[in-house]
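Below: one structure, written as structure tokens.
Just so it is clear, none of the values below were taken in a lab; they were calculated from the coordinates. Source: prediction; values computed, not measured. Cβ sites come from the backbone with ideal geometry, for glycine too, and all protein chains shown count toward neighbours.
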């Protein structure tokens, strides 16, 4: 457990409690903290494959969550906003640097200046789909920042998010990226296109779609590029050829790690020839001194990252006001600047994301498509990630 340092490669540890140096989390009294009842869920296939207990994260989140209740003498009624409080924040694995270094400290200071209240953030970072399952299973997150909309929807389907989070600015999205290839220095395999990932003897890394939102983005990028005719040797609309490409690429995958961050760290350890990943993850690695090199395929997907307040948890922890204020802050110009300059993320507007910022290392993407261009997440989940989906079957066949 680390209160302010980082891992050996300069990146923060997986789980940390942040706040002003003088602030102390309030002590919790009592053995349990009330949680709202949840109805039985009909889980999608990636949740049925694994149940992620995450006992340590769940226990630590519960302690922090209940500290807010103990500050009110154990009462379920919410009291004054003075003093200090804790926000439980769960995010997908790759943007931890921007949240930890800039966004959270800036919000904490601005909230303190505005209200006089000290806010501590109890942070958890893991694969997006893992995080969604953890929240459903009892991780007391007040705010979630995940990789893709279906993971937010899973929490909403559990009855924990009660508002229409898509009515926020930009449909609830706060950042964006694109799927790229991370290759070895000098690109010795000459990888330029999705079809190159299907070449015999090419070791590919991509995360596990049962745990990682980034994994699903990667496979959607491959599928969409092929269907749109942006892959060498595949005609536009040729679903059979796109399926064959999916099978060939997944056959070359040597490891399905639990998150995008784990996948890149596996690659940096010397495994594989290429990793499919977020553009921002390659840039984050480069900023940490790693020799990662991004290759941009002709066609790739706009990765859209949503945030939402988990209403039932925020209400139970008496932090609804500050949780909503934090989400509002994530949509501000200041936060967007941090996403770009520290998180290496692109604007959520598709046209701006496609144009990039070449002067600052974000090349234009000429064939950038969105999930909406492919029929939306419901259609893609059924087509690719259901029990009989093309990606599911390809991965199972190995």
Taking a crude spin-label model, label points 7 Å out from Cα along the C-beta direction, the residue 117 to residue 367 distance in nm is 5.0 nm
Of segment 141-163, those with amide N under 20 Å from the point 7 Å along the Cα→Cβ vector of residue 321 are 142-143
For the pair residue 388 and residue 331, the simple spin-label estimate (label points 7 Å beyond Cα toward Cβ) gives in nm 4.0 nm
Length-normalised contact order of segment 238-322, Cα under 8 Å, at least 6 apart, in percent, tallies to 14 percent
A chain fully extended from residue 187 to residue 349 at 0.36 nm per residue, minus the present Cα-Cα distance, gains in nm 55.2 nm
Residue separation between residue 235 and residue 379 times 0.36 nm, minus their alpha-carbon distance, gives in nm 49.7 nm
Ranked output for segments 157-164, 140-147, 242-249 by mean other Cβ atoms within 10 Å, highest leading, reads 140-147, 242-249, 157-164
Quick calc: nm separation of the 7 Å Cα→Cβ label points for residue 166 and residue 271 -> 3.7 nm
Between residue 357 and residue 109, Cβ-based FRET efficiency (R0 30 Å, step 0.05) works out to 0.65
